[in-house]
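Read the structure below first, then the notes.
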Amino acid sequence: MVSWKTLGQVELVKVKDRVAPQFSDGVLKLNATEVKLQGFMMPLEMGDKQKHFVLTAMPQTCSFCLPGGPESLVEVRTKTPVKYTFEPVVLSGKLAVLKDDANGLYYR
């Protein structure tokens, strides 16, 4: 199981006129590998079953607020819908480390 502490090993560095994430070697080794991660579901769609949501390190306390920075969020897309729950879930799948995501996400 991958820890959120590991995914948090990223620094922001200035590249030309913008800021970009610089991932640790440990995080880069996880790119395109099968991982298992525990977190909380933050739905992006309507309904009690979700195929596209964000997995967060901390539970959501406000429906309009992100519960942490980009290092504590993973965008998830599933083939089979997952029933939404407030309880922690464990997911497994192929992790993508995103170096230049338009939405500012670090992981998918």
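The values are calculated or read from the model by the stated rules, or taken from the named source; none is laboratory data. Everything numeric in this text was worked out from a predicted model, so none of it was measured. We place every Cβ from the backbone using ideal geometry, glycine too, and count neighbours over all the protein chains shown. All accessible areas refer to the heavy atoms of the entire protein, side chains included, with ligands and DNA or RNA removed. Shrake-Rupley method; radii C 1.70, N 1.55, O 1.52, S 1.80 Å.
Provide TYR106, TYR84 ordered by accessible surface of protein heavy atoms (probe 1.4 Å), highest first.
Values: TYR106 20, TYR84 60 Å².
In descending accessible area the options line up as TYR84, TYR106.
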- Fraction of alpha-carbon pairs over 21 Å apart in the chain - percent: 34 percent
- Item | Fluctuation leader among PHE40, PHE86, PHE64 - the chain, Gaussian network, Cα springs under 10 angstrom | PHE64
- Query: Once you charge only the Cβ atoms, +1 for Lys and Arg and -1 for Asp and Glu, what is the size of the charge dipole of the chain about its Cα centre, to the nearest 20 debye?
  - Reply: 240 debye
- Residue span LYS14 to HIS52: 0.36 nm per residue of separation minus Cα-Cα distance leaves a gain in nm of 10.6 nm
- Query: How high is the FRET efficiency between ASN103 and ALA32 when r is their beta carbon distance and R₀ equals 25 Å, given to the nearest 0.05?
  - Reply: 0.80
